[in-house]
Every structure is written in C-alpha cells, then in structure tokens.
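Step one of this worksheet: look at the structure below.
The values are calculated or read from the model by the stated rules, or taken from the named source; none is laboratory data. On a predicted model such as this, the values are computed, not experimentally measured, just so you know. Using ideal geometry, Cβ is built from the backbone for each residue, glycine included, and neighbour counts are taken over all protein chains shown.
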Amino acid sequence: MAENEQVQQQFGVQRMYVKDASLESPLGVEVFTKQWQPKLNVDLNTKSSKVGEENYEVVLTVTVTAKLDEETALLIEVQQAGLFLVKGIEGENLRQALGIMGPSLLFPYLREVIDSLAVKGGFPPIGLQPVNFEALYRQAAQQAADQAAPQPETVN
C-alpha cells in the first residue's frame with residue numbers, strides 16, 4: 001500500500017452526554033436526622049457499541065450506594081456516554097481505545113454529574129476518586145484470558 005493510501009488513525013470526541021441519571025433516597029427525610037457517615041460502595045461498568053460506519057458509543061455507568069448502618073440512604077446511578085469518531089483503528093487497538101481512552105475522557109463529566117445530583121438531593125458531594133481505566137482494562141483482559149485457557153483434567 002502506498003503511503004498516501006494509508007488510513008490515518010483517528011480517535012475523536014463527537015459528543016458527550018448524560019444518557020441516564022437517577023437519585024434515590026429510600027429513607028426520605030429521616031436520612032437528614034442521622035449522622036452522615038455512610039459506607040460507600042461504587043460499582044463501575046463500561047460498554048461500547050458501533051454506531052454507523054465510523055462512530056462508537058461508549059457508556060460509562062457508575063452506581064454509588066451510601067448506607068447508614070445497613071440501610072440504603074442514597075443511591076445514585078449515572079450513565080455518562082460519548083460518541084467517538086474512530087478511523088484506522090482495529091482489533092486490540094480499537095478495544096483499548098474504547099475501553100481505556102473513552103472511559104477516561106468520560107469520567108470527569110460523570111463525576112461532576114454524581115456530585116451535582118448528591119448536592120441537589122441535599123447530601124454532600126460524593127467526590128469519587130480518579131480511576132485508572134488502563135489498569136482495569138488489563139485486569140479484565142487477564143481474567144478473560146485465564147477463563148479461556150483450557151483447564152487441566154483431573155483423573156479420578
């Protein structure tokens with residue numbers, strides 16, 4: 001292939017948007033009569049899908065559950081999404097771009113939405129810690145490889 005025929009690699013943000021957001025306070029107003037020292041649980045998930053010829057949607061979902069004792073006091077779930085233009089990137093490089101670069105670009109926006117929802121619900125900001133999406137991607141890839149590896153047979 002001649003140099004001028006090579007496809008230049010491109011990964012660009014087309015649009016970022018909140019796909020879904022919810023806040024629940026199951027204890028109602030009673031939550032404000034208790035001392036706010038919750039146990040926080042943060043679940044994070046990413047997924048991507050092709051949209052048209054050169055676009056991919058990446059959705060970063062975070063669910064934050066705050067419990068006082070054993071009761072859920074606050075539940076926030078946000079799906080922050082982005083539409084990304086992808087050209088000339090295939091295979092493992094594409095999976096890495098969608099699994100590392102996409103979520104890394106989306107996370108600051110998602111973090112702000114979660115803090116904003118918490119404050120609007122009468123709670124202090126959550127202040128999610130930064131996430132190393134590359135480490136998470138590598139860990140998930142290693143787990144998938146371990147599960148795909150043939151297991152040794154046991155002899156009885």
What number of residues in the stretch 71-88 are over 30 Å from PHE32 (Cβ atoms) and surrounded by fewer than 18 Cβ atoms within 10 Å (Cβ to Cβ)?
-> 4
Positions within the stretch 10-36 being polar (S, T, N, Q) and either surrounded by 13 or more Cβ atoms within 10 Å (Cβ to Cβ) or in contact (Cβ under 8 Å) with a residue 40 or more places away in the chain (or both), in sequence order = GLN10, GLN14, SER22, SER25
Selection from the stretch 113-139 of residues loosely packed, with under 13 Cβ neighbours inside 10 Å and either among the aliphatic types (A, V, I, L, M) or not in a helix (DSSP H, G or I) (or both) yields VAL119, GLY122, PRO124, GLY127, GLN129, PRO130, ASN132, ALA135
When residues of the stretch 118-156 are filtered for being more than 17 Å from the chain's Cα centre (by Cα) and either at pLDDT 90 or above or closer than 23 Å to LYS19 by Cα (or both), how many remain?
-> 8
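Which residues, taken from the stretch 56-65, are surrounded by fewer than 21 Cβ atoms within 10 Å (Cβ to Cβ) and either more than 9 Å from the chain's Cα centre (by Cα) or over 20 Å from MET16 (Cβ atoms) (or both)? It would help to see each step written out before you state the result.
Residues of the stretch 56-65 surrounded by fewer than 21 Cβ atoms within 10 Å (Cβ to Cβ): 57, 59, 61, 63, 65.
Residues satisfying the conditions are GLU57, THR63, THR65.
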Meets criteria (outside any strand (DSSP E or B) and either of a type outside the set (Ser, Thr, Tyr) or over 18 Å from GLU90 (Cβ atoms) (or both)) for PHE32 | yes
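Residues checked against (1) of a type outside the set (Ser, Thr, Tyr); (2) within 16 Å of GLN14 (Cβ to Cβ); (3) in contact with a Pro (Cβ under 6 Å, 6 or more places away or on another chain):
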{"position": "GLY52", "(1), (2), (3)": "yes, yes, no"}
{"position": "LEU68", "(1), (2), (3)": "yes, no, yes"}
{"position": "LEU105", "(1), (2), (3)": "yes, yes, no"}
{"position": "ALA118", "(1), (2), (3)": "yes, no, yes"}
{"position": "LEU136", "(1), (2), (3)": "yes, no, no"}
{"position": "GLN143", "(1), (2), (3)": "yes, no, no"}
Take the residues in the stretch 39-55 that are surrounded by fewer than 16 Cβ atoms within 10 Å (Cβ to Cβ) and β-branched (Val, Ile, Thr), then tell me which one is nearest to GLU90 (Cα to Cα).
-> VAL51
Of the residues LEU44, LEU110, which single one is in contact (Cβ under 8 Å) with a residue 24 or more places away in the chain, not in a helix (DSSP H, G or I) and not β-branched (Val, Ile, Thr)?
-> LEU44
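Return yes or no: is GLU57 charged (D, E, K, R) and assigned to a strand (DSSP E or B)?
yes
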